[in-house]
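Just so it is clear, none of the values below were taken in a lab; they were calculated from the coordinates. Source: prediction; values computed, not measured. Cβ atoms come from the backbone with ideal geometry, glycine included; neighbour counts cover every protein chain shown.
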Amino acid sequence: MICDLCGLRTGHTKTCVLQGKFGSYCNHCVQGAKRMESVGYANYSRDRDREDNARDLLQPRDRLGKPNKEFIKEYPQQSKEIFTKKELKENE
C-alpha cells in the first residue's frame, strides 16, 4: 500500500484522519503527527499554566538575596513577617 501523506510504499498502513484528511498512512507519518500534536499541547498548557499562576510562583527574595519588589507588592502581609522593617522601607 502507498501512504497518502508521504507516498512511501509499505505493507503496513493505518487508516485514520491526519491533518483533517481521511486516508491510509504509514506508521512513520502517524507517529510523527501524534508527536507534533502532543508537543504543541504540552508547551501551550505549560506556558498557559505559568501565566495563570505567575503570582503563586513569586519568590520573596531575588537571586542576589535582596527582597523581591513584586513579592512585596503582591503579598504585603507575608512580607511583613518575612522582611525586616528596614528592608521593607528600602524597597517601597
Open item on the list: If each residue of separation counts as 0.36 nm, what is the full-extension length gain between SER45 and ARG9 once their alpha-carbon separation is subtracted?
Closed with: 9.3 nm
- [ ] Could I have the simple spin-label model distance between ILE2 and CYS16, label points 7 Å from Cα toward Cβ, reported in nm to one decimal?
- [x] 2.3 nm
